[in-house]
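The values are calculated or read from the model by the stated rules, or taken from the named source; none is laboratory data. These numbers were taken from a predicted model, which means no experiment stands behind them. Cβ: placed from backbone, ideal geometry, glycine included. Neighbour counts: every protein chain shown. In case anyone asks, the SASA skips ligands and DNA or RNA and just uses the protein heavy atoms, side chains included. Shrake-Rupley method; radii C 1.70, N 1.55, O 1.52, S 1.80 Å.
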Amino acid sequence: MITVEDLTFTYPGGEAPAVSELSFEVAEGEVFGFLGPSGAGKSTTQNILIGLLDPWQGRVDVMGKPLGSWGRDYYGRIGVSFELPNHYLKLSARENLDYFAAMYDGETASPEEVLALVGLGEDIDKRVSDYSKGMKNRLNLARSLLNHPSLWFLDEPTSGLDPVNAVKVRDLVKARQAQGVTTVITTHDMLIADALCDRVGFIVDGRLVECDAPSALKRRYGTREVVVSWGSEEAPSSARFPLDGIGAQAEFQRILQSETILSLHSQETTLEDVFVQVTGRTLR
């Protein structure tokens, strides 16, 4: 769906490239995440892919064509949900969506349909100025789905959302994927990336420093140990055992067979821990 080779971009007046020699691919139907701290180059990369920044150096192909060869028909194929809400506050959600839908040449979804997807169906005629920040962010998502995009770009899709609505957004992304939609997510939220992405790319100072499935990254950089706790809650005992060859560990087998097990955990690291190990940076 997307092929990028040696992508480099420097903002006018900038001393260093915001994105430097970036190369990656996104498969059709994949959920791909760009992860990194603020200012790392995630949004710059997304803005190049959606045609907001130019000129850049390198090769970018999207949906089988060089990005530069697409015309206005490109925007009938992609959907974009920006991090910050950008709607007409004096209009209702219905009026906003009717207005934006009129910009497309092809068939669009109804306001009722897309608002129901993000849990705003009952607020369709409420003025957007009366929406909370989280509601405005969900309205962004609804708008990005008006044209039934086959390629969907999401910038911090759960920003400002409570846990319940964040789960709804995750479910929505998975539902779109089941329909064949390719999604590119830019975020510094490792939990959303771990829950949603088939693969993630770590970006630091405009460079891609690691790219793989979250599960593979956690195995690669985690500690291959098992921690077992047993005994009573008041005075538990615990021990660590190497994961490799654990079936032949006599003491481990004895504990499993003879003791009251309280917990048993492999020491898989978190995606954020992996990011810190790989980059030496935090996500804050």
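Side notes on the structure shown:
- Listed residues 98, 130 arranged by accessible area, highest first, probe 1.4 Å: 130, 98
- Taking the chain and dividing mean pair separation by its residue count, relative contact order in percent (alpha carbons under 8 Å, at least six apart): 21
- Reach of residue 136 by Cα under 25 Å, taken over lysines that are not fewer than 8 positions away in the same chain: 42, 90, 126, 168, 174
- The modelled label-to-label distance for the pair residue 25/residue 63, using points 7 Å beyond Cα in the direction of Cβ, is 2.0 nm.
- Most simply put, the chain has about 60% antiparallel DSSP beta bridges, counting only bridges with both residues inside it.
- Here the convex hull built on the C-alpha positions of the range 18-59 has a volume of 88 cubic angstrom per residue.
- Kirkwood Rh in Å, taken over all unlike Cα pairs in the range 1-153: 16.9
- Proximal charge balance of residue 191 [Cβ under 10 Å; K/R count +1, D/E count -1]: -2
- Computed lengthening from residue 251 to residue 227, 0.36 nm per intervening residue step minus Cα-Cα distance: 7.4 nm
- Using the Cβ of residue 94 as centre and a radius below 14 Å, the other residues enclosed give a net charge of -4, where K and R count +1 and D and E count -1.
- Taking only Cα atoms of the range 57-108, radius of gyration then Dmax in Å: 14.6, 42
- Across the range 172-284, Cα pairs under 8 Å and at least six residues apart give a relative contact order of 25 percent.
- Where GluC sites (Glu not before Pro) fall in DSSP loop in the range 149-254, at most 13 other Cβ within 10 Å: 233, 234
- When +1 charges are put on Lys and Arg Cβ atoms and -1 charges on Asp and Glu Cβ atoms, the dipole computed for the chain relative to its Cα centre reaches about 220 debye.
- Largest-first principal axis extents, alpha carbons of the range 165-284, Å: 50, 32, 28
- Most to least accessible of 148, 188 (protein chains only, probe 1.4 Å): 148, 188
- Within the accessible area of the chain, the carbon and sulfur atoms contribute 48%, probe 1.4 Å, all protein chains present.
- The range 38-125: GluC sites (Glu not before Pro) in DSSP loop, at most 12 other beta carbons within 10 Å: 107
- For the range 105-205, the Cα gyration tensor yields ellipsoid semi-axes of 23, 17, 12 Å (square root of five times each eigenvalue, largest first, whole Å).
- For the chain, the solvent-accessible area works out to 49 Å² per residue, with a probe of 1.4 Å and every protein chain left in place.
- Each Lys or Arg adds one and each Asp or Glu subtracts one; over the other residues with Cβ under 15 Å from the Cβ of residue 9, this totals -3.
- Note on the chain: the alpha carbon radius of gyration divided by the globular reference 2.2 N^0.38 Å gives 1.21.
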